[in-house]
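Below is one structure, written out as structure tokens, with a few remarks after it.
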Amino acid sequence: MKLATRMQSVQPYFFAKLAKRMVALQAAGRDVIRLDVGSPDQPPAAFIRDALKHAVDQPGTHGYVAAGGLPEFRQAVAAYYSRRFGVAVDPQNQVEALIGSKEGLFHLSMAYLEPGDVALVPDPAYAVYEAAARFAGADVVLLPLRAEHGFLPQLAEIAPDAARRAKLLWLNYPNNPTGACAPLQLFTEAVAFAQRNDLLVCHDAPYLDVTYDGYTAPSILQVPGALEVAVEFNSLSKTYNMAGWRMGMAVGCAAAVRALHALKSNIDSSQFKAAQLAGVAALTGDQTWLAPRNALYQERRDAVLAGLRQAQLPAQTPAGAMYVWAQVRLEWALSSLLMTCWNRPACL
């Protein structure tokens, strides 16, 4: 039976293909060092795990959850934004619970984009932004992230026709994969750009609390007017070491949250109640355990940077996220390197 035409734009997710191959290598007894995705290797704090255990034992935890997420979870998200950023958001109309932020990124593109529209996507970037836009039939205009500009998009360089047709502008700071961090001024410029061009800024922000050297990352929602033209995707995956628990949130522009809610209410039945209750514990409980976790990541970052310097491979020192972006020789393209070294004694 013939698949829908839209499936022609869907390619196998590179890291899923890579993970499948890694599983096969491990099953064959090979020692695999994973450098593919930013997945925490430490557990959540004990009080978060205890909250999940307690919730699982409650009889009322196992039924369907209303679309949008538990009121307690949305309220905890709003309290986090107030405490962390000084931003007041309405938990009822400006917060949507997600089954991890990845599905929210994809579904928002489904809600907003159609053939003839443009999605403005940074390059390099998390692959989902472009994949979702192409699945929706939209055109993608790439915004180069260059080292000389601190890996920040130059909004003034966007062609007028692309700006006119654009529906979504994607940003992601602290950044995957460069580790770059954005000043609040970039978000101020993005909000003004959105207001001039009648588009939505989508800030993918799962690393806001994964930072180093005393750096504190801003939220786009701190910019005056952002709540009318921006939605921020956040997640418990990286901040609270809960990647496999699949808890995320979309926060901001009420119209965007409403559109996302309408679409998701026809697609899923929200996340497991116990996971949401554990998310409440994570967001409202003790936050001091995050500092030593970030210190551990910083030690690892510094070790990687030292090794790269020894190998004479230039690299930026990231102040946030879980990645080091190094300049390598052209013939060392990572995807090609990985795919050609499976049968070597060691694989990365």
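The values are calculated or read from the model by the stated rules, or taken from the named source; none is laboratory data. Everything numeric in this text was worked out from a predicted model, so none of it was measured. Methodologically, a virtual Cβ is constructed for each residue, glycine included, from the backbone with ideal geometry; neighbour enumeration extends over all protein chains shown.
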For this session: From the list VAL23, VAL37, VAL77, pick out the single residue that is in a loop (DSSP other than H, G, I, E, B), closer than 28 Å to ASP204 by Cβ and of a type in the set (A, V, I, L, M, F, W, C).
Result: VAL37
Exercise. Going by the structure shown, is LEU236 in contact (Cβ under 8 Å) with a residue 24 or more places away in the chain and either surrounded by fewer than 24 Cβ atoms within 10 Å (Cβ to Cβ) or among the charged types (D, E, K, R) (or both)?
Worked result: no
Exercise. Condition test on ARG49, is it assigned to a helix (DSSP H, G or I) and modelled with pLDDT of 90 or more?
Worked result: yes
Exercise. Can you find even one residue in the range 331-341 that is out of contact with any strand residue (DSSP E or B) (no Cβ under 6 Å at 6 or more places or on another chain), at pLDDT 95 or above and closer than 18 Å to VAL37 by Cβ?
Worked result: no
Problem set entry | Given (1) in contact (Cβ under 8 Å) with a residue 60 or more places away in the chain; (2) surrounded by 17 or more Cβ atoms within 10 Å (Cβ to Cβ); (3) under 24 Å from ASP286 (Cα atoms), number of the condition HIS107 does not satisfy | (3)
Problem set entry | Those residues of the range 170-190 which are surrounded by fewer than 21 Cβ atoms within 10 Å (Cβ to Cβ) and either touching a helix residue (DSSP H, G or I) at 6+ places or on another chain (Cβ under 7 Å) or part of a strand (DSSP E or B) (or both), in sequence order | LEU184, GLU189
For this session: Examine the range 83-103 for a residue that is under 27 Å from TYR323 (Cβ atoms), over 21 Å from the mean Cα position of the chain (by Cα) and aliphatic (A, V, I, L, M), and state whether such a residue exists.
Result: no
Problem set entry | Pair list, Cβ < 8 Å and 6+ apart or interchain, from the range 207-223 residues that are at positive phi to residues that are part of a loop (DSSP other than H, G, I, E, B) and surrounded by fewer than 22 Cβ atoms within 10 Å (Cβ to Cβ) | ASP213/ALA319
Problem set entry | Among the residues listed as ARG301, ARG293, ARG246, ARG258, the single one being more than 30 Å from LEU145 (Cβ to Cβ) and modelled with pLDDT of 95 or more | ARG258
